[in-house]
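J.: Next up is a structure, given as structure tokens.
Every number in this text was worked out from the coordinates using simple rules, so none of it is lab data. All figures in this text were calculated on a predicted structure; none of them were measured in a lab. When we count neighbours, we look across all protein chains shown, and the Cβ atoms used for this are built from the backbone with ideal geometry, even at glycine.
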Amino acid sequence: MRSSSISGSAKAKLRRLSRCESGRERVIDIEGHLRQAGYHTIAGVDEAGRGPLAGPVVAAAVILGNHVPGGIKDSKKLTAHQRSTLAQAIGSSAVDIGVGIVAPAVIDRLNVLEATRLAMKQALESLSVAFDCAIIDGDVLPDVDVPAVGVVRGDSLCPSVAAASIVAKVVRDRWMVSMDVVYPHYNFKSNKGYGTKGHMEALRRFGPSRIHRYSFEPVLRFLEGRS
């Protein structure tokens, strides 16, 4: 990743923007403010899969071009079909897309917060286009070599972050569907690793699979019950 030389006033504005959220009456154009502050190539970053009991954490970094596909918003507010369609449109129109994937075993070793940060860093590092600013959904990402701003509910406020949330969700969901063939007992194609009633019953009957997160309490409980 490359860093850029930014004036003191621009850095002050960046710090102020890091505390921006939407109010009831207006939404701040954070990406527009950043461009006015001197940033030209902005990467939006978001993740998918912090909460499931199985599967990886996936993060995406997206640099949008001049054409932004219509309908982009927080991936949680879209249907699976809408996400898939938009992910294809984003892939066709974005300047660049990077993806980071951190496996369940690494989540167990690091904890899910650090694993999420690692996935986000991997996503940024996999971008081939130089960027001079990153917008992170939530808290600022430590140890990033470019100016970065953390925006609470960034996937609702910033098009590039919303695009990243869609890409990350689609990549992760497709990975979990592929794992349903390998581990058919858990219905991963439907629950995507989340702790549904059927998933919990499968854990009780069959125990955890190799892609479960052994450090997560429900999985650990079933693992200890079978030892």
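J.: Subtracting the Cα-Cα distance from 0.36 nm times the residue separation, let me have the gained length for Arg153 to Val68 in nm, one decimal.
T.: 28.7 nm
J.: I would also like to ask the following. What trypsin sites (Lys or Arg not before Pro) in region 34-134 are in a loop by DSSP, with at most 14 other Cβ atoms within 10 Å of the Cβ?
T.: Arg50
J.: A further question follows. Report, in deg cm²/dmol and to the nearest 500, the calculated mean residue ellipticity at 222 nm for the chain, where each DSSP H run with n ≥ 4 adds -39500 (n - 2.57) and the sum is divided by the residue count.
T.: -13500 deg cm²/dmol
J.: Hey, rough spin-label estimate for Ala130 and Ser190, points 7 angstrom out along Cα→Cβ, what's it come to in nanometres?
T.: Distance between the two pseudo-spin positions: 5.1 nm.
J.: May I pose another question? Working out 0.36 nm times the residue gap between Leu113 and Asp143, then minus their Cα-Cα distance, what length gain in nm do you get to one decimal?
T.: Length difference between fully extended and current span is 9.3 nm.
J.: Test of understanding: what is the full-extension gain from Val106 to Ala80, defined as 0.36 nm times their sequence separation minus their Cα-Cα distance?
T.: 6.6 nm
J.: If the only charges are +1 at each Lys and Arg Cβ and -1 at each Asp and Glu Cβ, what is the size of the charge dipole of the chain around the Cα centre, to the nearest 20 debye?
T.: 520
J.: Turning to a different aspect of this structure: For Lys189, go through the aspartates and glutamates and keep the ones whose alpha-carbon is under 18 Å away, minus same-chain ones fewer than eight residues off.
T.: Within the straight-line cut-off, Lys189 pairs with Asp173, Asp180, Glu201.
J.: While we're looking at this one, here's another question. Name the aspartates and glutamates eligible as straight-distance cross-link partners of Lys169: C-alpha to C-alpha under 15 Å, and not fewer than 8 places from it in the same chain.
T.: The reachable aspartates and glutamates, counting only those whose Cα sits under 15 Å from Lys169, are Asp46, Glu47, Asp74, Asp137, Asp155.
J.: Given points 7 Å out from each Cα along the Cα-Cβ axis, report the Leu220 to Arg50 separation in nanometres with one decimal.
T.: 1.9
J.: I've got another one for you. Say R0 is 45 Å: what FRET efficiency, to the nearest 0.05, do Phe206 and Ser92 get from their beta-carbon distance?
T.: For Phe206 and Ser92, the calculated efficiency is 0.65.
J.: What list do you get for Met120, Met200, Met179 if you sort them by fewest beta carbons within 10 Å?
T.: Met200, Met179, Met120
J.: Over the Cα atoms of region 8-181, what is the Rg over Rh ratio if Rh follows Kirkwood?
T.: 0.96
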